[in-house]
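In what follows, a single structure is set out as structure tokens and then discussed.
The values are calculated or read from the model by the stated rules, or taken from the named source; none is laboratory data. What you are looking at is a predicted structure, and each value in this text was computed from that prediction instead of being measured. No Cβ is skipped: glycine too gets one built from the backbone with ideal geometry, and neighbour counts run over all protein chains shown. Only protein heavy atoms, including side chains, enter the accessible area calculation; ligands, DNA and RNA are left aside. Shrake-Rupley method; radii C 1.70, N 1.55, O 1.52, S 1.80 Å.
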Amino acid sequence: MEFGNQVGLTSAEITSLWASYINDSAISCKFKFFLSKVEDEEIRPLLKKAFDIAQGNLNTLTEIFKKEKYPIPYGFKLDEDVDISAPRLYSDSYALNYLHQSAQIALQGYSMNLSLSVRGDVYSHFNECISQLTPFLREVKELLLSKGLYIRSPHLPIPDDIDFVKKKSFLKGFFGEKRRLTGTEITNLFTNIQRNAFGVATLLGFSQVAQSKEVTEYLVRGKDIAKKHSEVLGSLLSEDDLPVPMTWNTEVTESTAFTFSDKLMMFYTTSLIALSIGFYGTSMAVSPRKDIGLQYVRLSAEIAEYAKDGANILIENGWLEQPPMAADRDELANK
């Protein structure tokens, strides 16, 4: 299917564009709020740059949708889903780490979108997203380092020589002596703990300002799950006398005023769950030790159930915007 000389968008392309619009409209609300509260003059320019990048992306995406005569997603609105006059909810340190976490996740997503893009304008858009984000992420890391806020993963000893696995016990982990963790296992455990610890702080703040009792209870439940997952995964690092990442609870204020809409907070929460399931799946795939894989399976099942309950809340409240879908041929045939 073509529009003039323009080839129609593939399912992968329209889905990537649609999801990007929703995400950029949501993240704009958080950046706008952080910008209204930031006191650190070194962090402010990065928040402004992040907000401008998100707004620029929305403009480009809007142009593509209009060109295709495709409905522009509703997404999230700065005048509906955030109140920048509300009291501070998170510290400047949290905001800087939020920039770091969100930039890392976005870079992974854009890389996948780029690999699936064929049409020139779509490929160019995601290529530009990566080009903008790569130096921005470096700036964020440098500022975190200069402020002593960057949490490095553990260092490993340098071996005397190369070696090969000689025993099948390398794969075991339930009975007898467990082998030491591999570098890949350490990296994934460390980053998953970091994300969960950051998630605890995020959901703690969200739960304080949620308007609906149902949403509040859901967010508190998510906070407890993230805390438990941090402890479970942290125990695996502790067994090898490795450091466990810090928590972020102290970076949340005591504000209870309306800050973000329940719709926005539920979107963020369910999105974080989806990402966690993906990260756990990847971690399980590259963790040869069976006890570690089993932990990821168990934790994934718990958050999958939590995700289902979250989807029900979104649907019941009319907050879940329908993504691009295949045509219903039966319905068309009956018209």
Task: the stretch 84-205, relative contact order [Cα under 8 Å, separation at least 6], % - done: 24
Task: Candidates G205, G278, G310: whichever shows maximal mean-square fluctuation once the chain is modelled as a Gaussian network with Cα springs under 10 Å - done: G278
- [ ] Taking only Cα atoms and a 10 Å spring cutoff, compute GNM fluctuations for the chain and point out the largest among I27, I315, I186.
- [x] I315
- [ ] Taking 7 Å along the Cα-to-C-beta vector as the label spot, tell me the L78-E214 distance in nanometres, rounded to one decimal.
- [x] 3.1
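Student exercise: in the stretch 177-335, how many lysine pairs 8 or more apart or on different chains have Cα atoms under 17 Å apart?
Count of close lysine pairs: 5.
Under the rule of -39500 (n - 2.57) per DSSP H run of 4 or more residues, summed and divided by the residues of the chain, what mean residue ellipticity at 222 nm is obtained, to the nearest 500 deg cm²/dmol? Kindly include the intermediate steps, with their values, before the conclusion.
Numbers: 9 runs with 214 residues, N = 335.
Computed mean residue ellipticity for the chain: -22500 deg cm²/dmol.
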TODO: Work out the length of the dipole vector of the stretch 234-335 about its Cα centre, built from +1 on the beta-carbon of each Lys and Arg and -1 on the beta-carbon of each Asp and Glu, and round it to the nearest 20 debye.
DONE: 320
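Using a 10 Å cut-off on Cβ atoms, rank the peptides 100-106, 137-143 from the highest mean neighbour count down. If you can, show how the numbers build up before the last one.
Values: 100-106: 19.0, 137-143: 16.0.
Ranked by mean Cβ neighbours within 10 Å, highest first: 100-106, 137-143.
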Open item on the list: I'm spelling it out carefully: the read-out is percent of Cα pairs over 29 Å apart, the candidates are (i) 42; (ii) 70; (iii) 46, and one was derived from this structure. Which label?
Closed with: (iii)
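Quick one: compute the contact order of the stretch 1-75, relative version, from alpha carbon pairs under 8 angstrom and 6+ residues apart, as a percent.
Numbers: 43 pairs, mean separation 29.4, N = 75.
That works out to 39 percent.
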TODO: Counting only C-alpha contacts under 8 Å and six or more residues apart, can you give the relative contact order of the stretch 1-151 as a whole percent?
DONE: 29
Task: Value in Å of the Kirkwood radius, where the stretch 1-123 supplies the Cα pairs that are averaged - done: 15.8
- [ ] Over the stretch 1-108, with every protein chain in place, what whole percent of the accessible area is carbon and sulfur at 1.4 Å, could you tell me?
- [x] 54
- [ ] Quote the Stokes-Einstein diffusion coefficient, in whole µm² s⁻¹, for the stretch 71-204, based on the Kirkwood radius over alpha carbon pairs, a temperature of 10 °C and a viscosity of 1.306 mPa s.
- [x] 82
Task: Gaussian network model of the chain, springs between alpha carbon atoms under 10 Å - residue of F206, F258, F164 with greatest fluctuation - done: F164
